[in-house]
1. Can you give the Kirkwood hydrodynamic radius of the stretch A:221-324 from its Cα pairs, in Å with one decimal?
2. Could you tell me which residue out of B:14, B:129, B:85 lies farthest along the dipole of chain B toward its positive end? Charges go on the beta carbon: Lys and Arg +1, Asp and Glu -1, centred on the Cα centre.
3. For the pair residue A:61 and residue A:252, what calculated FRET efficiency results from E = 1/(1 + (r/R0)^6), where r is the Cβ-Cβ distance and R0 = 30 Å, to the nearest 0.05?
4. Figure the gain on full extension for residue B:102 and residue B:82 (residue separation times 0.36 nm, minus the Cα-Cα span) and round it to one decimal in nm.
5. With charges set only on the Cβ (+1 for Lys and Arg, -1 for Asp and Glu), what does the dipole of the stretch B:11-125 come to about its Cα centre, in debye to the nearest 20?
6. So how far apart, in nm, are the two label points at residue A:155 and residue A:118 if each is 7 Å from Cα heading toward Cβ?
7. Nearest 500 deg cm²/dmol is fine: what mean residue ellipticity at 222 nm does chain A get from its DSSP H runs of n ≥ 4 alone, each adding -39,500 (n - 2.57), divided by its residue count?
8. What FRET efficiency do you get for residue A:310 and residue A:239 if R0 is 51 Å and r is their Cβ-Cβ distance, rounded to the nearest 0.05?
Amino acid sequence: MLQLSRGLSEILPFLAPSLRDILGRLSPTVVDGLEEVRLRLSRPLSVRWRQNEFFLDMKGELSPLISGAYIVSREEIQKTVQLISQGSIYAFEEEFRQGFLTLPGGHRVGFTGRAVLEGGQLKTLRDISSLNFRIARAVPGASRPLLPYVLDLRNLSPYHTLIVSPPCAGKTTMLRDLVRFLSYGIPELHFPALTVGVVDERCELAACCDGVPQHDLGPRVDVLDHCPKDVGMLMLLRSMAPQVIATDEIGCAGDVTAIWEMVNTGVSIIATVHASSWEQLEERPHLKELIKSKVFQRYIFLSRRKGPGTIESVWNEHREPLVC
Amino acid sequence: MMWKMIGALFVISSLGMAGIKVASYFTRRTAELRLLQEALQVLDTEIVYAATPLPAVLKKIGQTGGGAIAQIFRKAGEYLTDSQGLTTAEAWKKALNETFPSTALNQDDYAILSAFGDLLGGSDRYEQHKNISLTTLHLQKEEEKARRDQEKNVRLWQYGGFLLGISIVLLLL
């Protein structure tokens, strides 16, 4: 199980030494609720704590005011970039193109800078100016309340399920926990362990580092890391004979086509998508058809109302609420 | 007479050994420049084809030999991972500065290696390949010069030391 305090100590070695000192002075209460650490060039060092952003001063004290905040220097940004890339930008070309990379422990660093284009396509990011360290957390058991709705106990397989939530509302955590349950099996529900294929295009679900998933996804999981979802889902189907395929943040035409191909193969699909309501979901051009055709049998809506991972509602394919 | 003989032998052997030492400097520099190019060849392959991160490649190169050249790579790899927060350029420069006195390289070689370290790891594979190729080219030229110096100077110093010793002894006698 990952704990938040462990999370901070795992990201500290990847920060410039001067920033380590400041973050090292954070009080244990702050460390416990820490969600993000943000570095912005020539702007105040800040953290997201209990869903709010605060600035940090030299002593590691939190304040909502800019005055007295510690200003992040260019050298600190450059050192941090060097440390997260092990001084080897070339080894993380794809990560720099995508704008994020994953650290040991599953923590994710997003960055922005100057985009370098080649033939109209984004080739890489240079002169990194902002970094956001998102502290990963596993919340074992987070998806337990969903199990009665997601599992088809008669056929002993999960329903095709879509987890719907706005950003930072815990959809990836929920999906990860569902995968873990399926991969271990759920003896109390007499539900057998299943082989799960995970297409982790954004390297967030399993957060592999050197091929090893940094989150516990159970013993029966095969991860396709950094692979585009549409290609990955079909690849997994052909190569690894999964009983369930899980993937994060579907939405483009390719993903939808791949899901169409998968639904009648006997494999259950569990996916997530960004949206806050049925209206927003139906406005997504490619998803509209999937909803209309009743491909997904369960829709789980999450929010941050009572903290990340608040289950707002669960619906079936006929848009009948099972939990509201 | 006995003491004179001992003194003469001492002068000749000391100057002879000093000459051999200077001569060996020229041979060592050529060999080290060659070793550096070989190491850069491995680095290029690992970066361009395998995109292996630097700490692993530098340590790998460092383990392939026990000499001062391998030591530069090994130390740089260690400094990158010892959580001091050094950048690649800083780690390379630190390793180079610490190891340079025990090599036979000269200030021109130092300047080439120092410039190489400034760009090491900080760009994409294509740029890294260019940096390595350019450095290899400079080292090749230095090796050619070193080889010429070696041919010119090795014999001179190997025999020169002894001859100087003998001349001094003859003058004193």
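1. Hydrodynamic radius (Kirkwood, Cα only) of the stretch A:221-324 equals 14.6 Å.
2. My answer, from the dipole projection, is B:14.
3. On the way: r = 44 Å, r/R0 = 1.46.
FRET efficiency, residue A:252 to residue A:61: 0.10.
4. So the chain would gain 4.9 nm between residue B:102 and residue B:82.
5. Charge dipole of the stretch B:11-125: 340 debye, to the nearest 20.
6. Output for this residue pair reads 4.6 nm.
7. Calculated at 222 nm, the ellipticity per residue is -8000 deg cm²/dmol.
8. Working: r = 37 Å, r/R0 = 0.72.
Result of the calculation: an efficiency of 0.85.
Just so you know, all these numbers are worked out from the coordinates, no wet-lab data involved. Everything quoted here is computed from the prediction, not taken from an experiment. All Cβ positions, glycine included, derive from the backbone under ideal geometry; neighbour counts span all protein chains shown.
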